[in-house]
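Engineer: Right, I'll just put the structure down here and ask away after.
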Amino acid sequence: MTITSNISRHSEVMMKRTKLYFTRALHRMQKGPGYTYKELLVWFCNNTNTHGPKRVVSEGPKKRVMWFILTLIFAGLVFWQWGVVIQTYLSYGVSVSLSIGFNTMVFPAVTVCNVNPFKYSRVKHLLHDLDELVDTALDRIQFSSQYSSGIPAPNNTNQNVTLDPSLWNYMPLVVIDEQDPNNPIVYNIFDSSTDYSQVNNATKGNETYAERYKVAIELCTNNGTQCSYRNFTSGVQAIKDWYLLQFSNIFSKIPEEEKVKMGYQAEDMILTCMFGGQPCSYRNFTHIFHQDYGNCYIFNWGQEGQELLESSNPGSDFGLKMVLDIDQEEYIPFLQSTAAARIILHQQRSFPFLKDLGIYAMPGTETSIAVLEDQTQHLEAPYSSCTVDGSDIPVANIYSKFNSSYSIQSCLRSCFQEIMVKYCKCAYYLFPLLDGAQYCNNKDYPDWVPCYYNIWDTVSYREQCINMCQQPCNDSNYKMTISMADWPSAAAEDWIFHVLSYEKDTSTDITVNRDGIMRLNIYFEEFNYRSISESPTTNVVWLLSNLGGQFGFWMGGSVLCIIEFGEIIIDCIWITILKILAWKRERRQKKRRPQYDDPPPTVAELVEAYSNPGFQPEDSNQVSMPIPGTPPPNYDSLRLKQIDAIDAISSDDE
């Protein structure tokens, strides 16, 4: 009980003290500063440490005007210079520094792929009907072009082939006759009923076939009711693009595990390997499935549990040496017209975007790649719009399943795939899938091709992704110097082919040849690396120094002068508030005053005045009290305020 009573007594004392404190504060607030605007201004000018205002109040009339004008001018210059300094600081400018270092360097990740994604012998059964379509298209395009030029049609031209409409009716190849630009004639290449012999072959002057006829892809939506044409200047490009679309339609339905088996295996592609003078093999490479190039193999990728390899010395003897076999005999005829290996050097734990950044290595050659590394470091916000790891980018990274770091390419492709899924309801085959999405195909999404081209060709969609994606703050770029030579030489090719053939399949028969093998040398040209880093040109110290320097130069002031100026502003504001409150209080009192100068009339007088117009009230003849000659002192302590449950405040406390 004693403890409880002590606690309650202590709380009562604290409440009394708190109420007393706030009552005193309210009393002081009601008193105000105690002087007018003019008195406040004079006091400030006499007591401030700034030079100009003192002379305004202490000099004679003429000098007072002169110093007043000078003070205004220099105060304006101070505020102008402050604005310039603050604007410079808020622009967040950066300065770029270049430094060159020499150190043992981590060897870059090297990704090698065959530009042909699948072996033709393993996918021929899937592409049989599609290849027949292309053969027919080529025959009919060739026939129409030769016939229009007056050349007899070749004997192997097959115009009466019966084709399965389900393979091409979603986006057929057409030939557009533009002899009359206002009324072009469209011929479906796959329509067996078309009689090319009836085509008007008259030409105007020296008009060529390419000027008159255009090969295009017909793109139709809404069950074929709305159609448009995607024209090509070359029949080769038209065939390749159309074939790739149909190829994507076929392979979008095949599981990735089966597609991996259809591609080039590491032991068949990587024949020899050596790094830093030590032997290695295809087992030192990490496999990934690339949508564009099928099976790809990465050396020194540095994924979890893998030790990063360093190059002990510059030069070709201390780099990576490989012999690759791309096996041109297994190339898909209409898909890939380039025979090469695709190579890219990139950072560890980053996805290799070979189609955007890769280089070709030609078969029958030895390609040497000398590497120099540039390290770039950007400042984070607010100095730049770079991102550290991409977590602040509002795009889901579709390459996260590869455990790869953020890059602009991954962001742009992820953004495009999101737009594709949003508007076309399916995903583009050459990019990884979004969660819950399916790859586009003609059966389930018959309008996907026009939708894809519409997104791909629309500038606003590209700008949307470009504005959304930001560069990484830390990045490494590899500059390459590439040289090539014939390999193997004519004198050495026999024994080299025999040895490589035996090592590949333990056979003395020649299974490799100049059209399929190549040699790669990748090494650091020097151990000098360039580091390009950014640093802020301004900071808080710079800002305060410049603000203080300008204020001291023009006005001879310091931080204390700024505090004094802030104090007078607060006093002016408080005087204004008190005047406004007094004005409102006076208005309320004026409304409550009686409207009579004399004492108000009685009810009988009001009735008599209303009924008798000649009635006049009698003068009271009362003698007014004399006005004292000396008014009472106007002490603040005489203001009587009622304070509840609190002792009177002494003058010392005030």
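Residue-by-condition table, conditions (1) touching a Cys at 6+ places or on another chain (Cβ under 7 Å); (2) of a type outside the set (Asp, Glu); (3) at pLDDT below 90:
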site	(1), (2), (3)
382	no, yes, yes
388	yes, yes, yes
427	yes, yes, no
436	no, yes, yes
457	no, no, yes
483	no, yes, no
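Engineer: For the range 418-441, name all the residues that are surrounded by fewer than 18 Cβ atoms within 10 Å (Cβ to Cβ) and not hydrophobic (A, V, I, L, M, F, W, C).
Structural biologist: 422, 423, 425, 435, 436, 438
Engineer: Hey, another quick one. Take the residues in the range 270-310 that are charged (D, E, K, R), open to solvent by 60 Å² or more (accessible area, probe 1.4 Å) and in contact (Cβ under 8 Å) with a residue 60 or more places away in the chain; name whichever of them is nearest to residue 429 (Cα to Cα). Give the derivation first.
Structural biologist: Applying the first criterion (charged (D, E, K, R)) to the range 270-310 yields 283, 292, 304, 307, 310.
Imposing the further condition that a residue be open to solvent by 60 Å² or more (accessible area, probe 1.4 Å) reduces the set to 283, 304, 307, 310.
Now restrict to residues that are in contact (Cβ under 8 Å) with a residue 60 or more places away in the chain: 304, 310.
Numbers: 304: 28, 310: 37 Å.
Among those that are charged (D, E, K, R), open to solvent by 60 Å² or more (accessible area, probe 1.4 Å) and in contact (Cβ under 8 Å) with a residue 60 or more places away in the chain, it is 304.
Engineer: From (1) exposed (fewer than 15 other Cβ atoms within 10 Å of the Cβ); (2) modelled with pLDDT of 90 or more, pick out the condition that doesn't hold for residue 444.
Structural biologist: Answer for residue 444: the failing condition is (2).
Rundown of residues vs (1) assigned to a loop (DSSP other than H, G, I, E, B); (2) more than 20 Å from residue 440 (Cα to Cα); (3) open to solvent by 40 Å² or more (accessible area, probe 1.4 Å); (4) free of Cβ contacts under 8 Å to residues at least 60 places away in the same chain, yes/no style:
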position	(1), (2), (3), (4)
215	no, yes, no, no
230	no, no, yes, no
240	no, no, yes, no
253	yes, no, yes, no
259	no, no, no, no
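Engineer: Being of a type outside the set (Ser, Thr, Tyr) and within 17 Å of residue 535 (Cβ to Cβ) is the filter; apply it to the range 78-94 and report the residue that is least open to solvent (accessible area, probe 1.4 Å).
Structural biologist: So in the range 78-94, the residues of a type outside the set (Ser, Thr, Tyr) come out as 78-87, 90, 93-94.
Add one more test, that the residue is within 17 Å of residue 535 (Cβ to Cβ), and what stays is 93-94.
Values: 93: 23, 94: 53 Å².
Checking each candidate, the answer is 93.
Engineer: So the check is Cβ under 7 Å with 6+ separation or different chains; which pairs have a first residue in the range 97-111 that's farther than 21 Å from residue 358 by Cβ and a second one that's surrounded by 18 or more Cβ atoms within 10 Å (Cβ to Cβ)?
Structural biologist: 105/311; 105/373; 105/524
Engineer: Separate question: One residue is enough: does the range 294-311 have a residue meeting the conditions over 25 Å from residue 408 (Cβ atoms) and more than 34 Å from the chain's Cα centre (by Cα)?
Structural biologist: Checked the range 294-311: at least one residue is over 25 Å from residue 408 (Cβ atoms) and more than 34 Å from the chain's Cα centre (by Cα).
Engineer: Another one. Quick one: count up the residues across the range 53-67 that are open to solvent by less than 90 Å² (accessible area, probe 1.4 Å) and assigned to a helix (DSSP H, G or I).
Structural biologist: Total satisfying the criteria: 8.
Engineer: Let me ask another. Within the range 316-334, how many residues are charged (D, E, K, R), modelled with pLDDT of 90 or more and either within 39 Å of the chain's Cα centre (by Cα) or farther than 30 Å from residue 238 by Cβ (or both)?
Structural biologist: So the count comes out to 2.
Engineer: Still on this structure, I have one more. List pairs: first in the range 68-88 and part of a helix (DSSP H, G or I), second among the charged types (D, E, K, R) and open to solvent by 70 Å² or more (accessible area, probe 1.4 Å), Cβ under 9 Å, 6+ apart or cross-chain?
Structural biologist: Close Cβ pairs (under 9 Å, with a partner that is among the charged types (D, E, K, R) and open to solvent by 70 Å² or more (accessible area, probe 1.4 Å)) amount to 68/55; 70/55; 71/55.
Let's see how each residue does on (1) at pLDDT below 80; (2) touching a helix residue (DSSP H, G or I) at 6+ places or on another chain (Cβ under 7 Å):
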residue	(1), (2)
510	yes, yes
515	no, yes
529	yes, no
534	yes, no
544	no, no
561	yes, no
571	yes, yes
594	yes, no
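Engineer: Sticking with this structure for a sec: Of the conditions (1) charged (D, E, K, R); (2) open to solvent by 80 Å² or more (accessible area, probe 1.4 Å); (3) not in a helix (DSSP H, G or I), residue 534 fails just one. Which one is it?
Structural biologist: Condition (2) is where residue 534 drops out.
Engineer: Moving on to the next point. Select from the range 259-307 the residues that are of a type in the set (Asp, Glu) and under 21 Å from residue 349 (Cα atoms) and list them in ascending order.
Structural biologist: 292, 304, 307
Engineer: Looking only at the range 277-327, which residues are charged (D, E, K, R), closer than 30 Å to residue 244 by Cβ and in a loop (DSSP other than H, G, I, E, B)? Steps first, please.
Structural biologist: First, the residues of the range 277-327 that are charged (D, E, K, R): 283, 292, 304, 307, 310, 317, 321, 325, 327.
This time we only want the ones that are closer than 30 Å to residue 244 by Cβ, so: 292, 325, 327.
292, 327 - these are the residues of the range 277-327 that are charged (D, E, K, R), closer than 30 Å to residue 244 by Cβ and in a loop (DSSP other than H, G, I, E, B).
Engineer: Does the range 128-142 contain at least one residue that is touching a Ser or Thr at 6+ places or on another chain (Cβ under 7 Å), touching a residue at least 24 places away in the same chain (Cβ under 8 Å) and not acidic (Asp, Glu)?
Structural biologist: No, that holds for no residue.
Engineer: Can you tell me which of (1) under 27 Å from residue 43 (Cβ atoms); (2) without any contact (Cβ under 8 Å) to a residue 40 or more places away in the chain is the one residue 497 doesn't meet?
Structural biologist: (1)
Engineer: Looking at (1) touching a strand residue (DSSP E or B) at 6+ places or on another chain (Cβ under 9 Å); (2) farther than 30 Å from residue 371 by Cα; (3) surrounded by fewer than 12 Cβ atoms within 10 Å (Cβ to Cβ); (4) among the hydroxyl-bearing types (Ser, Thr, Tyr), which is the one condition that is false for residue 36?
Structural biologist: Unmet condition: (1).
Engineer: In the range 359-392, how many residues are over 30 Å from residue 493 (Cα atoms) and either of a type in the set (Asp, Glu) or open to solvent by less than 20 Å² (accessible area, probe 1.4 Å) (or both)? Spell out how you get there, then give the answer.
Structural biologist: Initially, the range 359-392 is screened for residues over 30 Å from residue 493 (Cα atoms), giving 372-392.
Right, trim to either of a type in the set (Asp, Glu) or open to solvent by less than 20 Å² (accessible area, probe 1.4 Å) (or both) and you get 373-374, 380, 386-387, 389-390, 392.
Count: 8.
Engineer: Here's a check for you: in the range 457-479, which residue that is out of contact with any helix residue (DSSP H, G or I) (no Cβ under 8 Å at 6 or more places or on another chain) and without any contact (Cβ under 8 Å) to a residue 60 or more places away in the chain is nearest to residue 253 (Cα to Cα)?
Structural biologist: 457
Engineer: For residue 491, state whether it is part of a loop (DSSP other than H, G, I, E, B), among the small types (Gly, Ala, Ser) and open to solvent by less than 70 Å² (accessible area, probe 1.4 Å).
Structural biologist: Numbers: part of a loop (DSSP other than H, G, I, E, B): yes; among the small types (Gly, Ala, Ser): yes; open to solvent by less than 70 Å² (accessible area, probe 1.4 Å): no.
No: the conditions fail for residue 491.
Engineer: Could you tell me whether residue 475 is open to solvent by 60 Å² or more (accessible area, probe 1.4 Å) and of a type in the set (Asp, Glu)?
Structural biologist: no
Engineer: Further question on the same structure: For residues that are outside any loop (DSSP other than H, G, I, E, B) and touching an Asp or Glu at 6+ places or on another chain (Cβ under 8 Å), scanning just the range 98-112, find the one that is surrounded by the fewest Cβ atoms within 10 Å (Cβ to Cβ).
Structural biologist: 106
Engineer: Before we move on, is residue 313 open to solvent by 60 Å² or more (accessible area, probe 1.4 Å) and either at pLDDT 95 or above or not aromatic (Phe, Trp, Tyr) (or both)?
Structural biologist: yes
The values are calculated or read from the model by the stated rules, or taken from the named source; none is laboratory data. The shown structure was predicted, so the numbers you read here are calculated from the model rather than taken from an experiment. As a convention, Cβ positions derive from the backbone with ideal geometry for all residues, glycine included, and neighbour counts pool all protein chains shown. Protein only, heavy atoms only, side chains kept; ligands, DNA and RNA dropped before computing areas. Shrake-Rupley method; radii C 1.70, N 1.55, O 1.52, S 1.80 Å.
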